[in-house]
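Throughout, read-outs are computed from the coordinates displayed, never taken from laboratory work. These numbers come from a predicted model, not from an experiment. Here the Cβ positions follow ideal geometry from the backbone for every residue, glycine too, while neighbour counts run over all protein chains shown.
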Amino acid sequence: MGVIEILVIWFALSFTGALAPGPLSAAVIMQSSRHGKAHGMLPMVGHAIVELGIVAAIIVGAQLFAFSAFTIDLMVGVGGIVIVLFGALAMKDYRYKTTELADEQIESSTVSSVVEATTQGAAVSILSPYFLLWWAAIGLSNVTLLIGELQVGVGTVLIAGILIYLTHISTDFIFGVFLTVGTDAASKRADYGSINWVNIVIGLFQIVLGGYFVLLALT
């Protein structure tokens, strides 16, 4: 297969990870509803930083993702607890403040809020069962194969790795833009009785999802 064909297939495959419901999507929606569209993309930046490390580890041949059954259960359980905690934080802001209503429910971005949003994206990525299992079951094997195929066409492992990484994260950012634009439009219509329905839905979703993963790990 040619380089373009390989990257197109990888792009399509990467969407299976980007479109999976999970805490990263919830983080993007929550940050977007709180601070606006641009701020909503920051969790994706944190996510991309984590994935840079994963792709780099695969390229240098690190065998970090050959998980035992016990390790997978442990990751699922701990990740589920973290997801529940993020859901509780979202539920905490279930009401708009008066100043928020006056400013169309958008808070000003600060250095601390930028760091918080970016760190949240990295944290939920590292601890998300969806994310870890996708890379263990799909990403590891496919990147390994792609590196071998692309190296023939582009000449070096480094260039092949860069192409694979950029192609993969492009799907995350495309989906992130879709989420932030949709959330920004929805948040302007979400105020009924001063209730932040966006955060309530996201919070409940994360709590249910996290609880499911905890139960899954215990059974």
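Neighbour counting of Cβ atoms within 10 Å sorts the residues 70, 131, fewest neighbours leading, into 70, 131.
Cβ-to-Cβ counts within 10 Å put 212, 165 in ascending order as 212, 165, the fewest first. Peptides 43-55, 26-38 ranked from most to least packed give 26-38, 43-55, packing being the mean of other C-beta atoms within 10 angstrom over each peptide's residues. As a proxy for reagent exposure, ranking 172, 73 by other Cβ atoms within 10 Å from fewest up yields 73, 172.
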